[in-house]
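Since the structure comes first, as structure tokens, the remarks are kept for the end.
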Amino acid sequence: MKAIKKKRTAFKIQRRLMTELPGLGKAGALERRPYPPGEHGNKRRKYSNYGLQLEEKQKVLFHYGVREKQMQRFVLRAKRSSQSNWVSTLIRLLELRADNIVFRLGFAPSIPAARQLVAHGKVLVNGKKLDVASATLKEGDEIRLKDSAYSNQVYLQAKQSPRLPLADYLVKEEKGGFEVGRIQSLPDIGHIPFQFDEGQLTSYYSLKGGK
């Protein structure tokens, strides 16, 4: 029942935003009901400029599974480290989170499932156990699961039905009969796996005074 409830919640979020968010897991949220919850047909609510900006921010929050305060910290970090396009830097930071990398490597069917693998100590980075899902990984890092985790239903489900193709900033190979991934280059805004309006997010955080 809990899994069904989570699936329904994920579908409802995607329908409200009218966007498939791969990080939430199983695809198909918009197939049967391609309109927001509480509405019927193809007519969609009209949004103010602020509403459109807020919606774009929410896409990022829900896909990557971060809270508003976490997002604000990422935005400030991106702005401080970028001399040009801070949004691209922001997406890079989010893509390099450990839970996202585990998901993008196809080791878990969703980012929440990947977060659980990390939290339970099932993920190794450069041969060492990592149990902080929000940790920022770096170029050259090698990511794999503990040997026993390759028989876990979470991994087997993801392997059988990959949610996304392997991103080109990652590579996978087999070592000792197990899949091992590596970050071969740095991701950028082009790697965000859903329709995204960079300008709306920029405007939202400009209105928020940089927060």
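The values are calculated or read from the model by the stated rules, or taken from the named source; none is laboratory data. Note that this is a predicted model, so its numbers are computed, not measured. Because the Cβ atoms are built from the backbone with ideal geometry, glycine has one as well, and the counts that use them run over all protein chains shown. Each accessible area value is taken on the protein alone, full model and side chains, heavy atoms only, with ligands, DNA and RNA left out. Shrake-Rupley method; radii C 1.70, N 1.55, O 1.52, S 1.80 Å.
Couple of notes before you dig in:
- Residue match in region 29-44 (condition: open to solvent by less than 40 Å² (accessible area, probe 1.4 Å), at pLDDT 80 or above, out of contact with any Phe, Trp or Tyr (no Cβ under 7 Å at 6 or more places or on another chain) and not polar (S, T, N, Q)): no
- Members of region 167-195 found to be in a loop (DSSP other than H, G, I, E, B), within 16 Å of I111 (Cβ to Cβ) and of a type in the set (A, V, I, L, M, F, W, C), listed by number: A167, I192, F194
- From the list R144, R163, the one residue that fits, being on the phi < 0 side of the Ramachandran plot and touching a residue at least 60 places away in the same chain (Cβ under 8 Å), is R163.
- Summed over region 151-166, residues that are in contact with a Gly (Cβ under 8 Å, 6 or more places away or on another chain), open to solvent by less than 80 Å² (accessible area, probe 1.4 Å) and not in a loop (DSSP other than H, G, I, E, B) total 1.
- Considered as a group, the residues in region 167-184 that are within 23 Å of A78 (Cβ to Cβ) and open to solvent by less than 40 Å² (accessible area, probe 1.4 Å) include one that is nearest to the chain's Cα centre (by Cα), and that residue is A167.
- The lone exception for L52 - which of (1) closer than 24 Å to T9 by Cα; (2) touching a Phe, Trp or Tyr at 6+ places or on another chain (Cβ under 6 Å); (3) modelled with pLDDT under 95 it fails: (2)
- Some residue of region 116-132 being touching a Lys or Arg at 6+ places or on another chain (Cβ under 7 Å) and within 19 Å of F194 (Cβ to Cβ): no
- Conditions (1) open to solvent by 30 Å² or more (accessible area, probe 1.4 Å); (2) over 20 Å from Q184 (Cβ atoms); number of the one not met by L130: (2)
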